[in-house]
Amino acid sequence: MDEINLTLENVESVVQHALLHQPITDMHTHLYPPTFGTPVPNRTGSTDAGGLMLWGIDQTLTYHYLVAEVFRVVPATQLSFETFWKMTVAQQADHIWKTLFVQRTPISEACRGVLTLLARLGLDPNEKSLDSYRRYFSQQDPDEYINRVMELAGVQSITMTNPVFDDNERQRWLNGAAASGDRRFQAVLRIDPILRDYPMAARRLHEWGYAVQPQPDARGIAEVQRFLRQWLDRQRAIYIAVSLPPDWTYPIRPDANGPADSAARAGETMLEQAVLPVCRERQVPLALMIGARLRVQPQLREAGNMVGRADVSAVVNLCLRHPENKFFITMLSRENQHELCVAGRKCGNLMIFGCWWFLNNPSLIDEITRMRLELLGTSFIPQHSDARVLDQLLYKWPHSRACLQRVLTDKYRDLLGTGLRLTQAQVQRDARLLLAENFQDFLSR
């Protein structure tokens, strides 16, 4: 077959075809296979109230994006936080559907996403109640449903987030059920407390039989290294991940004082002397997700988190001081994106990824992706789903793919305007890099 050359007339369709047919490696999610338990009954009626595999219409509607939105429409003065959290998940979902989808135009990205996923499943998004959707999901087998969602979303591999300090998840790994293996999913060792609150982490590690003290010492550092190696092996994790607040700095300023600064210094010691050495030894990247202020409005629970501008120089210092380590970096604030892109031009061991959380909106994805292409070429990872409910894959990837299609189409048209000859094979190569190979190659570098 003759190679197809790009023209101003066919470039959009060629880009659309390349992106639609390129299987996606989703490098950061909060999704799980059925071996981690599911709170939604399957066809045999089995269920696990504490299960970590979230799916179905009720879980989708009660995700914190929509919880925050519904309290803007029906404020706590009308429906108190206490009353809302005492509702069952189904009652909460009914309230959100009625308020945001029936009584109002569901125009927000979170609402539009629910409608997109319903439509992709062949369900009518115009229903006034959730009854028919619940019947549909009650007929699904979770394991088979994962395959269908991945096929519809164009996803070939899902990367989990596995917080080892979460008792629910940790016990599932220790019991062996979570570690039984599912080729569709890859694990990531999440260790936030070691860097964010080491005294608390030390207490837990001591309870689990590790010889550590609230402040780092030589023996404690060796024990944390042992802990990390054991859990990397147990999970077969492909990288280590931490979420950090916007005021995180590296290195800590010399004038830092007080209990909070003491904890931060302990975290920095563990980063430098335990986490990074193990990452180098095992040749696994460290992923830092920077910029979330947790529970600014505590009565909203997970919906009460906030965004803050972070210090990009901390990322640059980290990368330059530890050139043998590899770092995945994403930042939550829009205001950080330009400086982070410039940092990516200076640090070859830095891989920028995704439009995270509050940035996962088409207008911002478009803006940020254009800037990254203009500064970094194709040497970044444009998106990850960050999905916490399986069904979110059915809208997050189609919506992101549409943004990427528009941006790439414009950029190829710009190149054609210079007289450069481009082919369909080049577009397909770029799609592979952006949606799969940049991540895979960085892991194996």
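Quick note: the coordinates plus some simple rules give every number you see, no bench work behind them. Please read these numbers as outputs of a predicted model, since none were measured by experiment. Here Cβ is always computed from backbone atoms with ideal geometry, including for glycine, and neighbour counts include all displayed protein chains.
3J(HN,Hα) along the stretch 186-195, derived from phi through the Karplus expression 6.51 cos²θ - 1.76 cosθ + 1.60 where θ = phi - 60°, amounts to 10, 8, 9, 7, 9, 10, 2, x, 4, 9 Hz, with x in place of Gly and Pro.
Cβ-Cβ distance of ALA119 and SER262, R₀ of 56 Å, FRET efficiency by 1/(1 + (r/R0)^6): the value works out to about 0.60. For the stretch 141-218, applying the loop criterion from DSSP together with a ceiling of 14 other beta carbons within 10 Å to the trypsin sites (Lys or Arg not before Pro) yields ARG183, ARG184. What number of lysine-lysine pairs in the chain show an alpha-carbon separation below 26 angstrom, given a sequence spacing of 8 or more or placement on distinct chains? Lysine pairs, 8 or more places apart or on different chains, close enough: 8. Computed on the chain, with alpha-carbon pairs under 8 angstrom and 6+ residues apart, the relative contact order is 22 percent.
Over all other residues within a Cβ to Cβ distance under 15 Å of GLN16, the charged ones net out to 0, with Lys and Arg as +1 and Asp and Glu as -1. Its DSSP H runs of at least 4 residues, each contributing -39,500 (n - 2.57), put the calculated 222 nm mean residue ellipticity of the chain at -14000 deg cm²/dmol, to the nearest 500.
Charge tally for ARG112 (other residues, Cβ to Cβ under 13 Å; Lys, Arg +1; Asp, Glu -1): +1. So, R0 is 25 Å and r is the distance between the beta-carbons of TYR136 and ASP48; what FRET efficiency does that work out to, to 0.05? It comes to 0.75. Membrane-span-like helices in the chain (whole DSSP H runs, Cα extent of at least 15 Å along the helix axis, mean Kyte-Doolittle hydropathy of at least 0.5): 109-120.
Scaled to the globular estimate 2.2 N^0.38 Å, the Cα spread of the chain, given as radius of gyration, is 1.01.
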